[in-house]
1. Toward the positive end of the charge dipole of the chain, about the Cα centre and with charges on Cβ (Lys, Arg +1; Asp, Glu -1), which of 142, 62, 103 goes farthest?
2. Roughly how compact is the range 2-153, stated as its Cα Rg over 2.2 N^0.38 Å to two decimals?
3. Please give, to one decimal in nm, the separation of the simple spin-label points placed at residue 122 and residue 147, each 7 Å out from Cα toward the Cβ.
4. How do 14, 89 rank when sorted from fewest to most other Cβ atoms within 10 Å of their own Cβ?
5. Label points 7 Å out from Cα along the Cβ direction at residue 97 and residue 25: separation in nm?
6. Along the Cα-to-Cβ line of residue 155, 7 Å from the Cα, sits a label point; which residues in the range 64-97 have backbone N less than 15 Å from it?
7. Determine the alpha carbon to alpha carbon distance for each of 23/156; 66/100; 11/113 and list only those over 23 Å.
8. In the range 62-124, which GluC sites (Glu not before Pro) are in a loop and have at most 16 other Cβ atoms within 10 Å, using DSSP for the loop call?
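Every number here is computed from the coordinates shown, using simple stated rules; none is lab data. Computed from a predicted model, the values in this text were never measured in an experiment. Because the Cβ atoms are built from the backbone with ideal geometry, glycine has one as well, and the counts that use them run over all protein chains shown.
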Amino acid sequence: MMEGMEVLLNKFNDRFQQMMKTKLVELRREASLKLSRVNDDLAREGNVSASSAARLQNEVSLHLLKQIISAILESQRELISTHEIPFSDALATHLKNQMKTYVSPKWCEELCKVKTRGISQQHSARLKEEVHVNRSFFLKRAEAQIDLFVDALRKKRPNESGSPPKEVA
């Protein structure tokens, strides 16, 4: 039984990696286009400063972070349904760790790299802190959604006799 679950999780992980690779490229392209459009708008209005550019970059980074976490949740749910992954005690932990791998603190550091020329170190530090605080918030919210999803799988799990669990009125 455990061997079968391991094979299932390996298939799940392989497919998840493929899906996320495509989604990450798409989300980064969208973020880049959004940043370019807003930068162009600011330039037309004459509101270009290092501070406003850094702030804008940070807003786009926060949006990208949120979108990636949403894409991870969506992909996990889709694949669990498609591969009919059953409930296991370790499933929620596995999904949460998988998510944290994609939006790791190191990844956030890369995301936070803004052009700091022309802005103070204090402003730059505040922008980085904002990304890390939002990362924690988005992850906690996503982890709660994973817990609810996995709990729903647990409730669907057949009981020892092989029949679905009886509903309590």
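1. Going by the charge dipole, the pick is 62.
2. 1.24
3. Result: 3.8 nm between the two label points.
4. Values: 14 11, 89 8.
Taking fewest neighbouring Cβ atoms as first place, the list is 89, 14.
5. It works out to 2.9 nm between the two label points.
6. 87
7. 23/156; 11/113
8. Of the GluC sites (Glu not before Pro), the ones in loops of the range 62-124 whose Cβ has at most 16 other Cβ atoms within 10 Å are 84.
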